């Protein structure tokens, strides 16, 4: 049985029992029965909307697949093959080397003095003497603890009492 039909059946039972709606119990039972009917209607409406949304998503997915197929067919018709694309990417080796340098660069963790969230500070940030919190947007000063330079000191935020940074973590 559908949800609406079940709710209507229960409402019919309540009405058929001749419940006196002047008593406290009668008022509650009648109100619950009416609420049950309204909820069944809303749930059926939401279910219909969800079905329409799924149908639209499936239609969009099919259209996207068609567009992707057309796009890849056009690339093949232009005469470019995968080998030509590989030749184009050979000039990117210098960029890849720079990316590797960035990936191997150590980052330090420091708590933002404004919001307390963890901020990752690079060697460049330490050289500049400031870092920017991605969470709250505040720029704050960073410096090394100790006087002996970076190899002996650890980075810290200048403002506030913050925990020491850990160099263990890499991004």
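Each label point was placed 7 Å from the Cα along the Cα-to-Cβ direction; for residue 120 and residue 132 their separation is 1.6 nm. Placing a label point 7 Å from the Cα of residue 45 along the Cα-to-Cβ direction, the residues of the stretch 1-30 whose backbone N falls under 16 Å of that point are 4. The slack in the chain from residue 2 to residue 29, taken as 0.36 nm per residue of separation less the alpha-carbon distance, amounts to 7.6 nm.
We did not get these values from a lab; they are worked out from the coordinates using the rules stated. Quantities reported herein were computed from a predicted structural model and do not represent experimental measurements. No Cβ is skipped: glycine too gets one built from the backbone with ideal geometry, and neighbour counts run over all protein chains shown.
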